[in-house]
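Every read-out reported here was derived from the displayed coordinates using simple, explicitly stated rules and does not represent laboratory data. Since this is a predicted model, take the numbers as computed values, not measurements. Here the Cβ positions follow ideal geometry from the backbone for every residue, glycine too, while neighbour counts run over all protein chains shown.
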């Protein structure tokens with residue numbers, strides 16, 4: 001009963017989730033919920049299935065068993081095109097390798113995100129967002145000309161530009177020293193909070209262990 | 001942001017590659033366009049010059065030669081025919097009208113044609129200045145002749161024997177320009193028209209039984225020598241009845257020294273001959289387009305490989321597989337469109353340039369400032385080729401497995 005009520009209003013709801021590749025179990029999560037606007041950590045060593053779980057949360061792959069719901073919508077049950085559209089609007093993703101589109105400028109990358117989600121262009125929003133992420137002068141720059149820190153902030157900006165209800169980040173701090181690690185996590189938390197988005201970070205970085213109130217520990221798999 | 005801008009951005013990343021493919025396409029399109037324009041205008045011109053002429057009657061020889069010399073004025077005549085024979089034919093019940101032409105000399109490389117006012121009238125050529133000839137050694141010149149020589153009404157010139165160049169000048173018989181015809185876009189623009197008597201008089205003095213009027217002489221001299229020895233070179237004939245097409249040529253060819261040739265038939269034969277050469281060039285153009293298509297294919301195939309992260313990322317951002325596929329197809333269509341536009345411009349430009357620089361092409365009135373319907377087909381062909389070249393890469397983009405792609409780095 002308690003479970004059901006927790007699932008009802010949850011931003012992220014996982015139940016009985018299993019994911020196999022070639023008969024090998026990669027991931028096994030019984031139940032996990034994140035309330036709207038909350039911030040949570042998926043913590044586990046390499047090979048524990050963090051990225052797999054993130055892909056499942058983003059609707060990029062389909063579970064072998066169980067269900068993943070985002071904002072109350074079951075991802076696996078949606079038709080492919082609807083899932084793509086839902087992901088574009090409701091889920092922002094910051095990948096470990098940032099995957100900025102090199103052919104486009106910083107602002108172009110943000111515009112692309114709006115366009116692909118079939119949202120109207122929002123130049124003022126884009127400007128405000130770049131401002132907030134300390135990228136005000138870099139709108140016309142190419143990704144190749146950005147520093148690593150700038151590029152990561154652009155990736156975060158792109159994940160936020162469609163005002164998603166869920167922000168996912170994969171290993172955002174793995175390559176950073178302590179000072180920068182703190183700065184990036186603070187930035188993600190602040191920006192997610194400012195926009196009312198639920199934040200889920202997947203990481204093996206134990207430095208983040210105590211920063212987040214909610215945590216899912218994924219065990220290492222042999 | 002839209003798919004168009006995105007495709008453009010991707011093309012800008014590798015400008016030399018895009019440029020190479022566009023240029024290859026453009027050269028292919030230009031080749032084919034120029035050929036289309038050339039053959040369409042040649043056909044048009046051949047048809048326009050021969051319009052309303054059902055039959056050309058002249059001395060025996062090659063029928064093609066008779067048409068080329070009698071209508072288009074590009075080959076030497078087959079010989080001459082007795083005026084009496086021509087007049088007899090003019091009275092034939094199946095003949096509606098005839099126009100006699102007497103050839104043999106040129107003025108500054110332009111043929112002097114002894115004829116009757118019906119000849120310019122047939123091509124709807126009226127004097128833009130002066131008037132038509134009325135007496136021997138008065139000449140009315142075509143627009144192109146006037147332009148090339150600078151002769152105006154009142155100027156005098158002498159003819160030379162032969163059909164081109166000056167090998168034997170008839171200094172003793174100067175012509176006087178009495179009129180310049182308005183431009184008609186037909187063969188008459190390049191002719192010097194005069195009375196038949198002028199040609200007779202030039203050649204009758206001293207050389208009457210060797211060469212009468214024509215450059216080449218044949219065995220009609222005997223016939224010409226008895227009684228009225230006056231000759232003409234060809235007779236342009238218009239039928240009174242369609243039935244004549246069947247009977248008249250056979251009747252003429254089967255009897256006496258005359259030969260009849262139908263322009264429609266000979267022009268078709270000529271086009272077949274020229275057509276083989278044009279087909280070869282057209283094949284060359286298609287080969288260029290095919291190699292450009294291969295270039296586009298390889299470029300896009302590599303691009304989908306290099307951009308697999310971008311493609312996966314775009315799926316993450318909400319793009320449906322169909323949209324990614326559309327982006328790749330659009331990129332190919334942009335290349336194809338650029339190649340087509342550039343190729344069409346170059347094809348028309350080259351055609352116009354040829355028309356201005358080559359005297360032969362200029363004589364044909366070749367111009368790039370016109371369209372041929374087949375060009376539309378070329379445009380469709382190139383767009384289709386672009387789409388086919390992009391199909392496999394587009395399908396690859398469609399099939400991008402996001403999770404797997406993004407995991408491999």
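Here the contact order of segment A:84-222, divided by its residue count and restricted to Cα pairs under 8 Å and six or more residues apart, works out to 30 percent. Taking every Cα-Cα distance in chain B and sorting them into 20 Å bins starting at zero, the pair-distance distribution P(r) comes out as 24, 37, 21, 15, 4, 0 percent.
With Rh defined as the Kirkwood radius, the inverse of the mean 1/r over Cα pairs, the Rg/Rh of chain A is 0.96.
Shape call for segment A:161-222 from the C-alpha gyration tensor, a ≥ b ≥ c root eigenvalues: rounded (a/c under 1.5), prolate (a/b greater than b/c) or oblate?
Oblate shape, in that a/c is at least 1.5 and b/c is the bigger or equal ratio.
Can you give me the angle between helix B:374-399 and the longest principal axis of chain B, using Cα atoms only, in degrees from 0 to 90, rounded to the nearest 10? Compared with the principal axis, the helix lies near 10 degrees.
If you take the beta carbon distance between residue B:147 and residue B:197 as r and set R0 to 45 Å, what does 1/(1 + (r/R0)^6) give as a FRET efficiency, to the nearest 0.05?
Working: r = 27 Å, r/R0 = 0.61.
Using R0 = 45 Å, I get an efficiency of 0.95.
Translational diffusion coefficient, Stokes-Einstein: compute it for the protein assembly as shown using the Kirkwood radius over C-alpha pairs as Rh, at 37 °C and 0.692 mPa s, and state it as an integer in µm² s⁻¹. Walk me through the numbers before you get to the answer.
Numbers: Rh = 31.2 Å.
Here the translational diffusion coefficient equals 105 µm²/s.
What's the exposure ranking of B:200, B:369, going from fewest to most Cβ atoms within 10 Å?
Listed from fewest to most nearby Cβ atoms, that is B:369, B:200.
Along each principal axis, taking the top coordinate minus the bottom one, the Cα set of segment B:1-127 gives 82, 30, 27 Å in descending order. Each 10 Å bin from zero up to the one holding the largest Cα-Cα distance in segment B:55-261 carries the following percent of pairs: 9, 37, 36, 16, 2.
Listing A:205, B:54, B:118 from the residue with the fewest other Cβ atoms within 10 Å to the one with the most, what is the order?
Details: A:205 18, B:54 22, B:118 12.
Going from sparsest to densest Cβ surroundings: B:118, A:205, B:54.
In terms of its alpha-carbon gyration tensor, segment B:93-139 comes out oblate; a/c meets the 1.5 threshold, while b/c is at least as large as a/b. For a test of the definition: using alpha carbon positions, the gyration tensor, and the 1.5 limit on a/c, classify segment B:302-409 as rounded, prolate or oblate. Taking the square roots of the gyration eigenvalues as a ≥ b ≥ c, segment B:302-409 is prolate. The antiparallel fraction among DSSP beta bridges confined to chain A stands at about 45%.
Determine, for B:238, B:190, the number of other Cβ atoms within 10 Å of each Cβ, and report the residues in order from fewest to most. Numbers along the way, then the final one.
Working: B:238 15, B:190 21.
In order of increasing Cβ crowding within 10 Å: B:238, B:190.
Grab the DSSP H runs of chain B that are 4 residues or longer, score each as -39,500 (n - 2.57), total them, divide by all residues and round the 222 nm result to the nearest 500 deg cm²/dmol. It would help to have the intermediate numbers written out before the result.
Details: 15 runs with 229 residues, N = 409.
The helix-only estimate for chain B comes to -18500 deg cm²/dmol at 222 nm.
Report, to the nearest 10°, how far helix B:263-306 tilts away from the longest principal axis of the Cα atoms in chain B, using its own Cα long axis and a range of 0 to 90°. That works out to roughly 10 degrees. Spin-label model, residue B:4/residue A:182: points 7 Å from Cα along the beta carbon direction are separated by 5.1 nm.
Taking every DSSP beta bridge that has both residues in the protein assembly as shown, what percent is antiparallel when rounded to the nearest 5? Please list the in-between numbers first.
Details: 47 of 74 bridges.
Taking every DSSP beta bridge within the protein assembly as shown, about 65 percent pair in antiparallel fashion.
What angle, in degrees between 0 and 90 and rounded to the nearest 10, separates the Cα long axis of helix B:244-253 from the longest principal axis of the Cα atoms of chain B? Rounded to the nearest ten degrees, it is 60. At an R0 of 35 angstrom, the distance between the Cβ atoms of residue A:20 and residue B:20 translates into a FRET efficiency of 0.15. Taken residue by residue and averaged, Cβ atoms of other chains lying within 10 Å of the Cβ of A:94-101 number 5. Which value in deg cm²/dmol, rounded to the nearest 500, describes the helix-derived mean residue ellipticity at 222 nm for chain A, given -39,500 (n - 2.57) per DSSP H run of n ≥ 4 and division by the residue count? -10500 deg cm²/dmol, from helical runs alone.
By the Cα gyration tensor, segment A:92-171 has an equivalent ellipsoid whose semi-axes, rounded to whole angstrom, run 16, 15, 12 from largest to smallest.
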